[in-house]
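S.K.: One structure, pasted below without further comment.
The values are calculated or read from the model by the stated rules, or taken from the named source; none is laboratory data. Note that this is a predicted model, so its numbers are computed, not measured. So basically every Cβ, Gly included, is an ideal-geometry build from the backbone, and we count neighbours across all protein chains shown.
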Amino acid sequence: MTLVDALPLIPVGGPTLPQERRLVTAVPGPKSQKLSRRKLEAVSAGVGVTLPVYIVAAGGGVLVDVDGNSLIDLGSGIAVTGVGNSAPEVVAAVAAQLAQFTHTCFTVTPYDSYIEVAETLNRLTPGDHAKRSALFNSGAEAVENAVKIARHYTGKQAVVAFDHAYHGRTTLTMGLTAKNQPYKNGFGPFAAEIYRAPTSYPYRDAGLDGVGAARRAITQIEKQIGADNLAALIIEPIQGEGGFIVPAPGFLPTLVDWCRANRVVFIADEVQTGFARTGDLFASNHEGIVPDLMVLAKGIAGGLPLSAVTGRAEIMDAPQVGGIGGTYGGNPLACAAALATMRSYETENLAQRAREIGAILTGRLNAIRAVDKRVGDVRGRGAMIAIELVDPVTGDPDAALTGRVVAAAHAQGVVLLTCGTYGNVIRFLPPLSIPDDLLVEGLQVLSSVFAAA
């Protein structure tokens with residue numbers, strides 16, 4: 001029995017913090033501004049900050065900064081703190097592991113929590129086939145390893161990613177990522193044998209259905225690359241940084257069928273969509289697809305750095321012993337956090353909670369759209385919802401409006417994130433522990449911002 005098994009079940013939600021928006025200074029306040037000046041002197045200018053408030057406590061649906069402001073958190077650290085920030089069960093699990101040992105390196109002297117995390121992932125992910133898992137540190141690292149494994153298994157080299165994709169910032173994953181600025185600009189050359197295909201973008205696809213969009217992509221792949229050269233196809237079931245684009249029905253299943261028929265490994269990048277975020281444990285379930293490999297991170301461990309590749313046993317077992325791994329991959333503290341976090345997703349029925357949050361988000365955001373034609377689209381699933389802002393006459397992306405709206409919301413104590421290839425999408429990723437009234441208040445602030453913008 002692991003340390004986590006002995007822990008009592010504790011509801012998610014983090015430390016006891018008043019669940020309220022409270023502004024005692026301007027945002028950012030004087031102490032945060034002082035820390036920002038220190039950042040300029042100490043931290044690389046390449047490390048950007050969305051909202052320069054410095055956090056001292058967080059839990060439920062709030063972030064508390066050094067100036068005493070309590071902000072509504074609609075970002076979850078980019079979909080990481082799904083179970084809530086400093087969720088009590090996660091804190092207890094990590095503290096118990098901390099008292100035992102912090103590191104040995106699993107590839108030197110292993111420990112059982114790594115195995116239990118792998119067993120849990122093998123059980124929870126789609127499909128009843130034999131599976132294996134390997135643990136890493138970040139989403140990008142897991143993506144790189146998924147590509148390595150697919151290439152080794154197939155003996156082929158080429159990899160296809162899609163328009164609007166985001167898969168990371170390392171040399172290989174920058175090549176997979178579509179958006180140039182800020183992720184790729186000036187950092188080339190990128191890894192070879194990476195190709196791009198058109199995706200399904202219902203809002204801008206002029207009536208093209210999912211099957212038609214898939215056939216368009218397949219035709220391009222067959223003509224420009226050839227299935228005999230293609231090791232893997234990698235796609236996010238809902239594109240994240242690209243704009244929370246939900247593909248039209250039939251798009252992903254058609255791609256999966258083509259991959260199966262052509263010995264191409266289908267990799268689902270569920271770094272942002274995984275772990276109850278979309279109203280199901282994994283977004284692939286909405287589409288009825290079973291990926292060959294899944295890339296997982298973000299919400300897996302309640303805020304600690306951990307990622308994984310989980311997939312078909314015959315594919316995962318293809319690399320030679322020692323071919324995958326790393327010093328910190330599957331760190332025991334992160335494994336303890338992951339076991340507690342994954343238990344919370346199941347026992348607290350957080351997929352249902354994500355659906356409830358999604359209903360509130362889509363209802364309120366569609367109400368704004370009904371009276372403000374600058375909101376061109378409301379889309380997403382569960383607690384992963386976005387709005388695309390456009391010129392109401394031309395339909396062109398309006399990044400400037402997006403920037404103004406988000407800045408005004410920040411000033412009023414609501415943490416929002418942007419995304420989208422054109423910089424014109426606002427994404428909503430609240431922690432699944434956020435109270436309804438706090439979520440509604442944040443959306444009321446947003447509504448007032450639109451009225452004033």
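S.K.: In region 407-421, what residues are out of contact with any Lys or Arg (no Cβ under 6 Å at 6 or more places or on another chain) and surrounded by 19 or more Cβ atoms within 10 Å (Cβ to Cβ)?
M.R.: Of everything in region 407-421, those that are out of contact with any Lys or Arg (no Cβ under 6 Å at 6 or more places or on another chain) and surrounded by 19 or more Cβ atoms within 10 Å (Cβ to Cβ) turn out to be Ala409, His410, Val414, Val415, Leu416, Thr418, Gly420.
S.K.: List every residue pair whose Cβ atoms sit under 6 Å apart, with the two residues 6 or more apart in sequence or on different chains, where the first one lies in region 300-313 and is of a type in the set (D, E, K, R) and the second, anywhere, is buried (at least 24 other Cβ atoms within 10 Å of the Cβ) and outside any strand (DSSP E or B).
M.R.: So the pair list comes out as Arg312/Asp292.
S.K.: Which condition from (1) in contact with a helix residue (DSSP H, G or I) (Cβ under 7 Å, 6 or more places away or on another chain); (2) surrounded by fewer than 24 Cβ atoms within 10 Å (Cβ to Cβ); (3) at pLDDT 95 or above is the one that Ile387 breaks?
M.R.: Unmet for Ile387, out of (1) in contact with a helix residue (DSSP H, G or I) (Cβ under 7 Å, 6 or more places away or on another chain); (2) surrounded by fewer than 24 Cβ atoms within 10 Å (Cβ to Cβ); (3) at pLDDT 95 or above: (2).
S.K.: If you take the residues of region 222-241 that are more than 15 Å from Ala283 (Cα to Cα) and surrounded by 23 or more Cβ atoms within 10 Å (Cβ to Cβ), which of them is farthest from the chain's Cα centre (by Cα)?
M.R.: Within region 222-241, the match that is farthest from the chain's Cα centre (by Cα) is Leu230.
S.K.: Let me ask you something else. Taking only pairs six or more apart or across chains, which ones have beta-carbon atoms under 7 Å, a first residue in region 362-374 that is farther than 13 Å from Ile426 by Cα, and a second residue that is among the small types (Gly, Ala, Ser)?
M.R.: Close Cβ pairs (under 7 Å, with a partner that is among the small types (Gly, Ala, Ser)) amount to Ile368/Ser447.
S.K.: Among the residues of region 408-431, count how many are under 18 Å from Val64 (Cα atoms) and part of a strand (DSSP E or B).
M.R.: Qualifying residue count for the region: 3.
S.K.: Taking the options Ile434, Ile387, name whichever one is assigned to a loop (DSSP other than H, G, I, E, B) and either in the same structural domain as Thr199 (by TED's automatic domain parsing) or touching a strand residue (DSSP E or B) at 6+ places or on another chain (Cβ under 8 Å) (or both).
M.R.: From the options Ile434, Ile387, the qualifying one is Ile434.
S.K.: Report, by residue number, each residue of region 132-163 that is assigned to a loop (DSSP other than H, G, I, E, B) and under 22 Å from Ala227 (Cα atoms).
M.R.: The answer is Gly155, Lys156, Gln157, Asp163.
S.K.: Examine region 218-237 for a residue that is closer than 26 Å to Phe136 by Cβ and of a type in the set (Gly, Ala, Ser), and state whether such a residue exists.
M.R.: The answer is yes, given that some residue of region 218-237 is closer than 26 Å to Phe136 by Cβ and of a type in the set (Gly, Ala, Ser).
S.K.: Kindly provide the set of residues from region 421-453 that are charged (D, E, K, R) and more than 25 Å from Gln352 (Cα to Cα), ordered by number.
M.R.: none
S.K.: Here's another thing I want to ask about it. Output yes when any residue across region 159-169 is out of contact with any strand residue (DSSP E or B) (no Cβ under 8 Å at 6 or more places or on another chain) and crowded, with 18+ Cβ neighbours inside 10 Å, and no when none is.
M.R.: Yes; the residues of region 159-169 include at least one that is out of contact with any strand residue (DSSP E or B) (no Cβ under 8 Å at 6 or more places or on another chain) and crowded, with 18+ Cβ neighbours inside 10 Å.
S.K.: Now for a different question. With the condition kept exactly as written, say whether any residue in region 28-48 is of a type in the set (Val, Ile, Thr) and touching a Pro at 6+ places or on another chain (Cβ under 7 Å).
M.R.: No; the residues of region 28-48 include none that is of a type in the set (Val, Ile, Thr) and touching a Pro at 6+ places or on another chain (Cβ under 7 Å).
S.K.: Could you please let me know if Thr402 is surrounded by fewer than 23 Cβ atoms within 10 Å (Cβ to Cβ), among the β-branched types (Val, Ile, Thr) and not assigned by TED's automatic domain parsing to the domain that holds Gly240?
M.R.: no
S.K.: Please go through region 20-63 and give me each residue that is exposed (fewer than 12 other Cβ atoms within 10 Å of the Cβ), farther than 26 Å from Arg427 by Cβ and free of Cβ contacts under 8 Å to residues at least 12 places away in the same chain, ordered by number.
M.R.: Selection gives Arg37, Arg38, Leu40, Glu41, Ala42.
S.K.: Between a first residue in region 97-119 that is of a type outside the set (Asp, Glu) and a second residue that is exposed (fewer than 12 other Cβ atoms within 10 Å of the Cβ), which pairs have beta carbons less than 6 Å apart while being 6 or more apart in sequence or on different chains?
M.R.: Sorted first by the residue in region 97-119, then by its partner, the pairs are Cys105/Thr327.
S.K.: Something else: Give region 99-155 a look and list any residue that's closer than 30 Å to Tyr195 by Cβ, surrounded by 13 or more Cβ atoms within 10 Å (Cβ to Cβ) and small (Gly, Ala, Ser), or say none.
M.R.: Gly127, Ser133, Ala134, Ser138, Gly139, Ala140, Ala142, Ala146, Ala150
S.K.: Out of all the residues in region 77-95, is one or more within 29 Å of Phe136 (Cα to Cα), of a type in the set (Asp, Glu) and at pLDDT 95 or above?
M.R.: There is at least one residue in region 77-95 that is within 29 Å of Phe136 (Cα to Cα), of a type in the set (Asp, Glu) and at pLDDT 95 or above.
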